[in-house]
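Peer 1: Quick one: this structure, given as structure tokens, is what I'll be asking you about.
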Amino acid sequence: MIDILVPIDGSKNALRAVDYAIAQAKRLRARVHLLNVQPLLDDYGTVRAYLSRQRHRELTMQRAKAILKPAVERLRRARIAHDVHTVYDDIAPAIARASRRLKCESIVMGTRGMGVIGNLFLGSVATRVIHLTRIPVTLIK
């Protein structure tokens with residue numbers, strides 16, 4: 001079976017990426033892997049003064065479920081085989097690692113559309129993913 005990875009960050013473009021992946025999955029009879037990446041707990045910052053690592057994980061898992069819910073609903077309505085994954089890490093490397101671990105043939109992801117100037121100064125998760133992976137990456141605006 002063909003596997004497609006779709007990183008989900010809660011943006012409209014990420015949901016458009018899900019819609020595109022649904023069309024591809026129907027055509028290719030593929031499985032879709034939804035991935036939400038949550039930031040690691042900053043052990044040296046102020047978060048640790050207020051939250052334990054366990055409480056941080058509980059709160060971010062709730063947030064991840066809420067972010068993933070609309071994408072999961074779309075896949076269920078379309079009757080597309082899918083799995084849901086949440087990891088704690090730096091976003092772009094986590095996406096690249098997940099694509100390798102899940103043996104995905106492609107990544108379909110939304111882009112916030114910052115453009116060339118924004119990417120030049122701020123960097124871009126999409127740009128980093130493209131450089132970190134060897135599989136095709138489809139960007140959806």
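Peer 1: If you keep only loop residues by DSSP, which trypsin sites (Lys or Arg not before Pro) in the range 4-99 have at most 13 other Cβ atoms within 10 Å of their Cβ?
Peer 2: Qualifying residues, ordered by number: ARG29, ARG79.
Peer 1: Pick from LEU59, LEU35, LEU15: which is most flexible by mean-square fluctuation in a GNM of the chain where alpha carbon atoms under 10 Å apart are linked?
Peer 2: Result for the chain, Cα springs under 10 Å: LEU59 fluctuates most.
Peer 1: Also, quick follow-up: Give, in nm to one decimal, the length gained when the segment between ALA66 and THR138 is fully stretched (0.36 nm per residue of separation minus the Cα-Cα distance).
Peer 2: Values: separation 72, 0.36 × 72 = 25.92 nm, distance 2.43 nm.
Full-extension gain reported as 23.5 nm.
Peer 1: Report the far tail of the P(r) of the range 3-140, meaning the percent of Cα-Cα pairs longer than 26 Å.
Peer 2: Distances greater than 26 Å cover 25 percent of the Cα pairs.
Peer 1: State, to one decimal in nm, how far the label point of ARG27 lies from the label point of SER52, with both points 7 Å from Cα in the Cβ direction.
Peer 2: 5.0 nm
Peer 1: Using a cut-off of 10 Å between beta-carbons, work out the net charge of the residues near CYS104 (Lys and Arg +1, Asp and Glu -1, CYS104 not included).
Peer 2: +2
Peer 1: Whose amide H sits under 5 Å from the amide H of ARG31, counting only residues 5 or more places off or on another chain, with H placed in the peptide plane?
Peer 2: Correct list: ILE2, ASP3, ILE4.
Peer 1: Report relative contact order for the chain in percent, whole number only (criteria: Cα-Cα under 8 Å, sequence separation at least 6).
Peer 2: 35 percent
Peer 1: For the chain, give the magnitude of the charge dipole about the Cα centre (Cβ charges: +1 Lys/Arg, -1 Asp/Glu; no others), in debye to the nearest 20.
Peer 2: With only Lys, Arg, Asp and Glu charged at Cβ, the dipole is about 520 debye.
Peer 1: Suppose the chain between ARG77 and ILE2 were pulled fully straight at 0.36 nm per residue; how much longer would it get relative to their current alpha carbon spacing?
Peer 2: Additional length available on full extension: 25.0 nm.
Peer 1: Mind counting lysine pairs for me in the chain? Cα separation below 20 Å, and the two need to be 8 or more apart along the chain or on different chains.
Peer 2: 4
A short reminder: the numbers here are calculations on the coordinates, not readings from a lab. Note that the structure is predicted; figures quoted are calculated from it, not measured. Neighbour counts run over all protein chains shown; Cβ positions are idealised from the backbone, glycine included.
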